[in-house]
Structure formats: structure tokens, C-alpha cells
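Only one structure is covered here, and it is reproduced in the block below.
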Amino acid sequence: MNGKDILLIANPGAKAGDSDLSKAVEFMRGRGFVVHREFIDDPRQITELIERFAGEVDGVVLGGGDGTFNRAAAALLKCGKPLGILPMGTANDLARTLGIPLDLVSAAGIIAEGHTRRIDLGCVNDDVWFFNVAHIGLGTLVTRRLSADKKRQWGKLSYLRTLLEAWRSARPFGVELNCDGHREHFRSIEVAVGNGRSYGGGMTIASEAQMDDQVLHLFSLDPQSVFRLAALFPALFTGNYGEKTKVRFRRGRTISVRTVKPLKVVADGEERTKTPARFTIRQNALSVFVPAESKDQERKDAAN
């Protein structure tokens, strides 16, 4: 980033307190940044603010949860400014995947260091973007049941608790899958298409997934009992499922999912579209401030 004028958009309803955010802002100002600080009470304001300031700032910093970043994706793509992340949500999966510390002052330090990395973005049905993951099935039920009170009370464990609750009312559905031209049919209780590694407060789509590997990772759970699901919990956090037959994985750049009845698609925790769903990836879509070691890893990956 050539200059130090940044737009900071914060969601005051996010989990982290305003005092922590103020410390992060003061830290950046102490490093010579000019911070244009804007609060929002409606996610739709994010696009308008980014478009308004795009010609005046050198970067955009967002303070909020994963849903906040999801709502900003289209405007960030349009303005082309590097993105700074201040993780203020419950799950903070985007920050976890990129190795950004959850402490806001430390996260501000990553922005001040100025190391950036290009990441991919996933897209559903041509106009719905996602950083981390898009769900069909069980994940949509979790989103509907996961209240702000549960998040405040249980933190990231609220996702697991709500997952078990939602399982009781989840219904299997038939899937017609086309992954880079390979077609198959199966029944599922949950289909997740991931761009990043983490979702749901640290659960893992696939252990090898990276936000710049230029492919999408599909994860599907076959219909099974809640006891089998509980046995999967350790693997849900590592992404190492071994030879378990109740879990399916696919990788591809274009993934189409059809269901008999239209089902909701949740992108980064936001209900955005329905099946039939066509998932694609936009490679090297955004520049994001990351720790120096993450930038070093990008160079090693490029060399290999």
C-alpha cells in the first residue's frame, strides 16, 4: 500500500468491545495512518461506504464477523483496495484461516506491517460471493437457530451446540453433483463448498485447503445418526477424516449442485440464494493484509 489513508468500517454489534476497537485505531494512528472511522447499523451500508471512499483511501479495514466481510466482498472487488481484517465476530474464520491474531491491536499491527497476499473468492450463482464456505442443508439450519444470545453466551462453542440441536430436525436430500464435468448422485444431510480452511468457529472443510489454492473444496455428510456425528467431532476440527465412508470430498473449479426441491444456500453465515447452485472461484481476487510468515509461505508456494 503506497499511502496510509484507510477507511475503517466497524459493526458495533460484533462481539469485540468498542474499547478494544478504539485501542486498535489509536495504534494505527500512532503508526502514521489517517483513519476514516465509520460505524454501521445495517450491513447494506458497507457497499455504499466503500464506494464513497474508494477514490480517497489506500485501503479498507473491516471490523466485524465473517458476515460483515461477506457483505463487503462485491464492493471490495470493485474498488481494488487491499483489505485489512479486525476480527470482531464470534467465529472469525477468515482471520483464523489467514493466521491473523484475534486480539484487535495485534491485528492492527498486521495491517501496519503492510504485508499483503492475494486470495481467491468463491461465488454462487454468479453474484453471491463468499470468503470461507457456502452451505446447503444442515448448515442453513444452524444459521437460522444460531442467535446472538447463544453466540454471546457460548462463544465459538455455540456452533457445535447449535449443530447438535439442528441435527434433530435436519432432513436428508438428494444431490445431483457436477464437479468439473464429473457427475454423480447421492443423498446428503449437509453439503459445504469451501474456499478457505475454517468455518463454524474453527471446524475444517479440508486440512489442505488454502485461500489461494485456486480450487473449491466440497464436503458432504451422508445421512447418519447423531452418535456417528458426535464421533466425527475431532475430525471436524482437523479436516483429517481418514477412510470414513460417511464423508465425501471433491475438489474443483466449477461445482454445480441440484436438488429436487430448491434449498437455501448460506454463504459465510448469510442466507443469500437457493439451489440449483453453481459454485465458481475467482482466482487472486483480493489483496489482504497478512502476517509476514503468511506472505513468505505464498512465495514458497509460487516457487514450487
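The values are calculated or read from the model by the stated rules, or taken from the named source; none is laboratory data. Bear in mind the structure is a predicted one, so any value in this text is a computation, not a measurement. Please note: Cβ atoms are built from the backbone with ideal geometry, for glycine as well, and neighbour counts cover all protein chains shown. When the accessible area is computed, the model is the full protein with side chains, heavy atoms only, and any ligands, DNA or RNA have been set aside. Shrake-Rupley method; radii C 1.70, N 1.55, O 1.52, S 1.80 Å.
What to note about this one:
- In region 63-86, the residues that are charged (D, E, K, R) form Cβ pairs under 7 Å with partners that are part of a helix (DSSP H, G or I), at six or more places apart or across chains, as follows: 66/93; 66/94; 71/46.
- Residue 197, sole failed condition from (1) over 30 Å from residue 100 (Cα atoms); (2) crowded, with 19+ Cβ neighbours inside 10 Å; (3) basic (Lys, Arg): (1)
- In region 181-207, residue farthest from residue 124 (Cα to Cα) [restricted to those that are in a loop (DSSP other than H, G, I, E, B) and over 16 Å from the mean Cα position of the chain (by Cα)]: 189
- Exactly one residue out of 94, 76 is surrounded by 22 or more Cβ atoms within 10 Å (Cβ to Cβ), within 18 Å of the chain's Cα centre (by Cα), closer than 22 Å to residue 49 by Cα and at pLDDT 95 or above: that is 76.
- Considering residues of region 6-48 that are part of a helix (DSSP H, G or I) and open to solvent by less than 10 Å² (accessible area, probe 1.4 Å) only, the residue modelled with the lowest pLDDT: 21
- Considering 252, 242, 269, 202, the condition of being at pLDDT 95 or above and small (Gly, Ala, Ser) is satisfied by 252 alone.
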